[in-house]
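The block underneath contains the structure these notes are about, expressed in structure tokens.
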Amino acid sequence: VMIPIMDKAGRVIAFGGRIMGDGQPKYLNSPETPLFNKRRVLYNLNNARDRAFAARNIIVCEGYMDVISMHEAGFDTAVCACGTALTPEQVKLLTEYADEVVLSYDSDEAGQKATERSLALFSGTNLQVRVLNIPGAKDPDEFIRTYGRDRFEAVLEGTATPLEFKLAKAVKKYDLRNDAQRLQY
């Protein structure tokens with residue numbers, strides 16, 4: 001599947017390819033050009049920016065298909081990085097359109113590590129950051145297709161603060177019934 005990547009004004013500046021079956025790489029973007037620098041572009045910001053500017057929030061996903069599913073379900077402030085990880089340039093771009101960012105990355109280990117890296121990028125900004133926990137699915141696309149829009153909205157309303165996210169991740173390493181491990185936690 002070829003996905004057009006547009007700048008903030010809605011002009012096509014690149015394409016993202018996604019294999020729908022088995023194979024590698026799963027995603028492949030156009031090469032960088034003077035118009036397309038993936039560090040400075042957020043996929044679908046051209047569609048999300050007006051709504052985000054009014055709502056003052058943006059949902060940051062891990063992939064194109066998550067963004068497409070979220071927009072189809074009515075969550076029209078969803079965007080994603082055009083590459084493997086969110087960059088400082090993209091975070092700066094987010095500050096122009098929102099007061100709050102919800103990180104909605106995959107629930108697998110790679111997605112959780114991407115969440116941790118992204119949280120660090122927001123530390124020097126005035127953005128309020130929340131983290132979405134996606135129970136029973138690997139990503140927002142799968143969750144919406146399996147459980148529907150209304151359940152996703154309920155999950156979205158129960159987002160965690162960065163501290164709550166870190167504590168929930170840390171607690172899995174310890175047996176809190178043990179005094180020494182509880183102290184380590």
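The values are calculated or read from the model by the stated rules, or taken from the named source; none is laboratory data. As the structure is a computational prediction, the values presented were derived from the model and not from experiment. Using ideal geometry, Cβ is built from the backbone for each residue, glycine included, and neighbour counts are taken over all protein chains shown. The area values use the complete protein model at the heavy-atom level, side chains included, leaving out ligands, DNA and RNA. Shrake-Rupley method; radii C 1.70, N 1.55, O 1.52, S 1.80 Å.
Structural remarks
- Taking a straight line from the alpha carbon of Lys169, these aspartates and glutamates sit under 17 Å away, with near neighbours fewer than eight places off in the same chain left out: Asp106, Asp108, Glu109, Glu116.
- Centre-to-centre, using Cα atoms only, the stretch 85-135 and the stretch 25-49 are separated by 17 Å.
- Surface share of carbon and sulfur [accessible, 1.4 angstrom probe, percent] for the chain: 52 percent
- Mean sequence separation of contacting Cα pairs (under 8 Å, at least six apart), scaled by the length of the stretch 36-185, corresponds to a relative contact order of 21 percent.
- The sum of -39500 (n - 2.57) across all DSSP H runs of n ≥ 4, divided by the residue count of the chain, sets its helix-only mean residue ellipticity at 222 nm to -11500 deg cm²/dmol.
- DSSP beta bridges in the chain [antiparallel fraction, %, rounded to 5]: 50 percent
- The Cα atoms of the stretch 37-90 give a gyration tensor whose axes a ≥ b ≥ c have a/c of 1.5 or more with a/b no greater than b/c, which makes the shape oblate.
- Cα gyration tensor shape of the stretch 1-78, rounded if a/c is under 1.5, else prolate or oblate by comparing a/b with b/c: oblate
- Positive-end extreme of charge dipole, the stretch 69-185 - chosen from Leu167, Ala180, Phe143 (charges on Cβ): Ala180
- Structural size metrics of the stretch 132-185, computed from C-alpha coordinates, are Rg and Dmax of 14.8, 43 Å.
- A cut-off of 5 Å between modelled amide H atoms, ignoring neighbours fewer than 5 places along the same chain, links Leu103 with Val60, Arg130, Val131, Leu132.
- Taking a ≥ b ≥ c as the square roots of the eigenvalues of the alpha carbon gyration tensor, the stretch 80-185 is oblate, as a/c is not under 1.5 and a/b does not beat b/c.
- Cα-only Debye scattering, the chain: base-10 log of I(q)/I(0) at q = 0.13, 0.18 Å⁻¹: -0.68, -1.24
- Taking the average, over residues, of other Cβ atoms within 10 Å as the packing measure, peptides 72-82, 136-146, 159-169 rank 72-82, 136-146, 159-169 from highest down.
- The H on the amide N of Met6, modeled in the peptide plane, is under 5 Å from the matching H of Ile13, Asn44, each at least 5 residues off or on a different chain.
- The charge dipole of the stretch 1-124, taken about the Cα centre with unit charges on the Cβ atoms of Lys, Arg (+1) and Asp, Glu (-1), comes to about 420 debye, rounded to the nearest 20.
- Summing charges over all other residues whose Cβ lies under 12 Å from the Cβ of Glu116, with Lys and Arg as +1 and Asp and Glu as -1, gives +3.
- Per residue accessible area in Å² of the chain, where ligands, DNA and RNA are left out and the probe is 1.4 Å: 56 Å²
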